[in-house]
Structure formats: structure tokens, C-alpha cells
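The next block holds one structure in the form of C-alpha cells; read it before the comments.
The values are calculated or read from the model by the stated rules, or taken from the named source; none is laboratory data. All values derive from a computational prediction rather than experimental measurement. All Cβ positions, glycine included, derive from the backbone under ideal geometry; neighbour counts span all protein chains shown.
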Amino acid sequence: MGYIDDETRTELRVTFAHQIKPHRQRWLWAPEGQGVIPLGTGTIAAGAGGEGKSTFMLHVAAQLTRGTLPGDLHGQKHPVIVFGPEDDWPTVMVPRLLAAGADLERVAQVQAATVTEFATAERELRFPLDLALLREAVDQTGARMVIVDPAPSLMDGDMNKVQDVRRSYEPLMALAQDKDLAIVLINHFGKGAGNVGAKLSGSHAWRDLTRSYLAFATDPDTNERILTQDKNNYGTGRGSWKFALESVDVDTEDGPTNVGAVRFLGASEVTVGDLINREPGEAGADAEDRNELDSWLIEVLTEAGGSMAVKDLKTAARDAGYEFKTLQNRRPRISNPKVVSGRNGFGKGSVPFWQIEEGSIDPGRTPIDPIHPDPGTYGIYGEEAGTYEDSRLERATSLQTTDGGNCQRFACQDTALENSPFCDHHTALADKPAA
């Protein structure tokens, strides 16, 4: 036993695992059953200014107040506490909440009031100084979600110092666990490209002290906002989703005002990592300014009859000096033609492949009139795509030659290209096995 002073002492406590009852992790927000924002801990949400992270969190909060939020609290209407010191509540915050469809009776602004015999002054809470007031507010309101926006402005100390960040917000993580609520800290991105995890402004402690990290960015090709989960300590998913910010008119005491509202669009094949590392000039790229790697991929798939097994594609990329991971990151951004993925067969013996999507082909550089399996068997993009019923589907593709003539190439996954008619431009292909 060790003593700190005459009134405080430190005692050893030993607890064996069998004395602790196991519990399932619960989720505040779980779109399509995938846990994203956990209960009982903190989540950090970050992005550049104007990416919609604040509006999106109010969108989540609004659903919680109505009982429509997908997750463990679905069907239950719960209050939310919002700290937004940079936004005026009458002209900004309340109109945003109205646009999101929130039940305003379940959204609380919390401040500290200094009362004297002459006047009452209100101020924003600061952490960890006012932790006791936040605990009291949670007890009084019954809130299950707390939004701190932006978190650096309400902390005591330097946002770039690990000790200051932990001292300010670790007590809030403990409060979240004690009260089984979700605390969302909103921060900003630093400048430049790089790893998404390293983009957070300030100390790495912001990412470390929370169990979930959500990054936001705008896709310049579509103007859609992309939300990617870069960290998920309590779940197996690290998905990406997309949403649009739409202008909505809401009624106020002074007449209608226009604010932004979220229209959730579901899963996204594009990630925030793809966007923040996109090279200058890549946005809106088409066939004319497609980079070298895109051109190589289209050429390889074209030569293979429009489709190629992933294992063979990995080998081809390695032989050509390309990183397959880079190829994976680029694939969703190729638009003319699109390259999609699928899987031949079922179970462990199934074979994943990439394929030029039918209907997205530029006749000037890719196969004409490709014959594909039934499009109804396509799954979602990604390595867990849908399956084709037959892993030995035979394809016939008419290839356009450089002089405008045509030659025929008949291919089966398990048959070499023997006795197939080729023009002079494709004679060499006769020695290659089918893709």
C-alpha cells in the first residue's frame, strides 16, 4: 500500500476475468448493421472546412431524437447535447436542426452560468474543468449523444500536446462509458496529402483516445461528400459512405432561411484516402487524361478479353512494376470505361476477377460488343462481389484492330487459344493461355 498524502491513499485492486460479466458492444449508429459510432466511448470526426461533418452529425442526432437512427437505440427517442461555440444557435444551429428534422425538445444547449447579485453571465463549458457540469447535464436531460464541435476550442491547453489533449478529454471518455452514451469530437484536417490517420490537426492523441475515427472529404467528380471509417476498435468494418448536402428552406420567426441538409446515399466505393491523395488534375479525369496506371489496366483487361482473374492481375502488375494496392485504389475512379469486380463460383473455391463493365466502354480503345454473363449476377464493387453461376463461362469478343479491321478471339478460362482465327495484329496472342 502506498500513500500520496495524509488524506489520500492508493490501494491495490485485483479483479479476475471470471468476475466480470461480458457484454456485447452497442452502437449508436450502425447503417445496414455495420457498427460505426459506438456507445460507451468517443468518436473523432475530422475533415477540411466545409466538408459537411458538422451537418452530418446533426443529421445523426436528429434521427436519434426521432427514434429512427439505425443501431441499438433504433425505435427509442433520446435527447442530444450539442456544444457548438462557433455557431450562433438562433441563426445557424436551430435552422440546421429543423432542416434535419430533429425534435427540438430533445436537443439541448449546455452552458455554464456565473451568477452574481448584479448579473448572470453564461459561457461555454471547458474540459476537464467543467466535467461535473456535463455529468449533471447528462443526468438531467437523459442524453445518449454529446457533440463537441469543434473539440479543440473547448479544451484546456494546447491541441498539439499529447498530455493536454488526454487531460482534457479522457475524462469525457470515462463519462461516456459510465453513462453508455456516444461522445463525438469534431476536429479539422491538417494541410497536404498523406495517410488519413495522420491528417488530423494537432496531436495524435485525438485519434488515440477515441475508439472510432471518421474522416470526411468531397469527391470533386460528383460533388458528393464521402465519409470513411479509418479506425474502428470495436467493430470489424471500415466502410465508406456518401451523402449529398442539399439546400433546404426552413421557417423562422423572421421568415424562411436557407440551410444545408444531408441526403444519405449509402455505401461508397471511393474512400477519403483516395480523395486526399489524388494527384493534381486527376479530378474529372476521362480517357484523354487517364494516367499511366489506368491505361495499363484497361489495356491488360482488353487483351484478356475484358476480364481477368485477380491473382493473374496481381502477377501482371508485379511484372510491370506496379503495386497492386495502388491499382486497387485507382480502380473505383476509372470512369471511361468502368472496371468492376466479381467472383466466379461459390465458397472457398471461388475466383475473384476484374472486368470492364458493359455499357461503359469507349469504342475507340476497348472491346466492341463484349459478351458478358448475366448482368443480374453482378454484386457490389469490391472483392466480396456477387458470383457467377458457372466458373467456365465461354466468352467471344470482337477486337478492333489498329487499321480498323476486326479479328475474332474465342476464349474459355480453362482452354488455350488453339485453332482461333486471328488477324496479323493478334497472331502473338495464340501462344498465350486464356485469361
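The table below lists the values:
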read-out	value
Pick from the range 11-43, criterion aliphatic (A, V, I, L, M) and surrounded by fewer than 20 Cβ atoms within 10 Å (Cβ to Cβ), ranking: farthest from residue 70 (Cα to Cα)	12
Number of positions in the range 134-150 that are modelled with pLDDT of 95 or more and surrounded by 15 or more Cβ atoms within 10 Å (Cβ to Cβ)	11
Meets criteria (more than 16 Å from the chain's Cα centre (by Cα) and in the same structural domain as residue 98 (by TED's automatic domain parsing)) for residue 55	no
Residue check for residue 46: buried (at least 22 other Cβ atoms within 10 Å of the Cβ), closer than 22 Å to residue 217 by Cα and assigned by TED's automatic domain parsing to the domain that holds residue 239	yes
Unique residue being under 10 Å from the mean Cα position of the chain (by Cα) and of a type in the set (Val, Ile, Thr) when the list is 228, 252, 210	228
The range 94-105: number of residues that are in contact with a Leu (Cβ under 8 Å, 6 or more places away or on another chain) and either surrounded by 15 or more Cβ atoms within 10 Å (Cβ to Cβ) or over 24 Å from residue 176 (Cα atoms) (or both)	6
Extreme residue, modelled with the highest pLDDT, among residues of the range 289-299 that are farther than 15 Å from residue 340 by Cβ, in a helix (DSSP H, G or I) and not aromatic (Phe, Trp, Tyr)	299
Hey, residue 168 crowded, with 18+ Cβ neighbours inside 10 Å, over 24 Å from the mean Cα position of the chain (by Cα) and not aliphatic (A, V, I, L, M) or not	yes
The range 302-349, residues that are part of a helix (DSSP H, G or I), in contact with a Leu (Cβ under 9 Å, 6 or more places away or on another chain), within 29 Å of residue 223 (Cβ to Cβ) and of a type outside the set (Lys, Arg)	326, 327
Matching option when the condition is touching a Leu at 6+ places or on another chain (Cβ under 6 Å) and without any contact (Cβ under 8 Å) to a residue 40 or more places away in the chain, among 76, 111, 63	63
Criterion (of a type in the set (Gly, Ala, Ser) and farther than 29 Å from residue 247 by Cα) met by exactly one of 137, 100, 108	137
Tally, over the range 310-360, of residues that are of a type in the set (Val, Ile, Thr), crowded, with 20+ Cβ neighbours inside 10 Å and within 23 Å of the chain's Cα centre (by Cα)	3
